[in-house]
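Please read the structure below before turning to the comments.
Just so you know, all these numbers are worked out from the coordinates, no wet-lab data involved. Quick caveat: nothing in here was measured; it's all calculated off a predicted structure. Here the Cβ positions follow ideal geometry from the backbone for every residue, glycine too, while neighbour counts run over all protein chains shown.
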Amino acid sequence: MKIELERKNNAVYLEAKNDDGIIVKMDGSPEIGGENLGARPMQMVLMALGGCSSMDVLSILKKMRENVKSYKVIVEAERAETEPKVFTKIHVHYILSGIIKKENAEKAIQLSMDKYCSVSKMLEKSAELTHSFELID
């Protein structure tokens with residue numbers, strides 16, 4: 001796996017590109033010269049967690065033959081007060097609707113967070129990870 005980052009202005013606006021040519025825009029906060037032209041790197045870590053786990057959960061639920069009509073994840077985090085300001089607490093909240101058995105949703109989420117999601121496995125080494133879910137009819 002390889003990622004290239006290229007500076008796109010005279011400040012800290014960057015574009016990251018993967019082997020497939022997909023581009024993601026990153027920028028710093030205005031306090032360090034950023035111009036809000038992209039997501040902050042630490043925000044992208046949370047996006048990676050939500051995305052990684054979502055791919056697991058949706059795949060597992062599909063294998064369970066659950067009918068997911070809509071799906072949303074909210075990831076909230078707290079950071080350390082001092083440098084390096086690593087994440088200390090992260091909570092992932094899943095919101096699903098459709099014809100889904102509660103126990104299957106719970107099992108899919110648990111399998112993702114505890115076994116399959118490589119991002120959660122990395123982050124749990126430095127942050128307290130918690131999760132919850134709700135099923136909406």
| field | Every residue from the stretch 89-105 that is free of Cβ contacts under 8 Å to residues at least 40 places away in the same chain and loosely packed, with under 14 Cβ neighbours inside 10 Å | value | ILE99, LYS101, LYS102, GLU103
| From the residues in the stretch 47-69 that are aliphatic (A, V, I, L, M) and over 20 Å from GLU15 (Cβ atoms), which one is surrounded by the most Cβ atoms within 10 Å (Cβ to Cβ)? | VAL57
| query | Looking at the stretch 108-115, is at least one residue acidic (Asp, Glu) and surrounded by 13 or more Cβ atoms within 10 Å (Cβ to Cβ)? | reply | yes
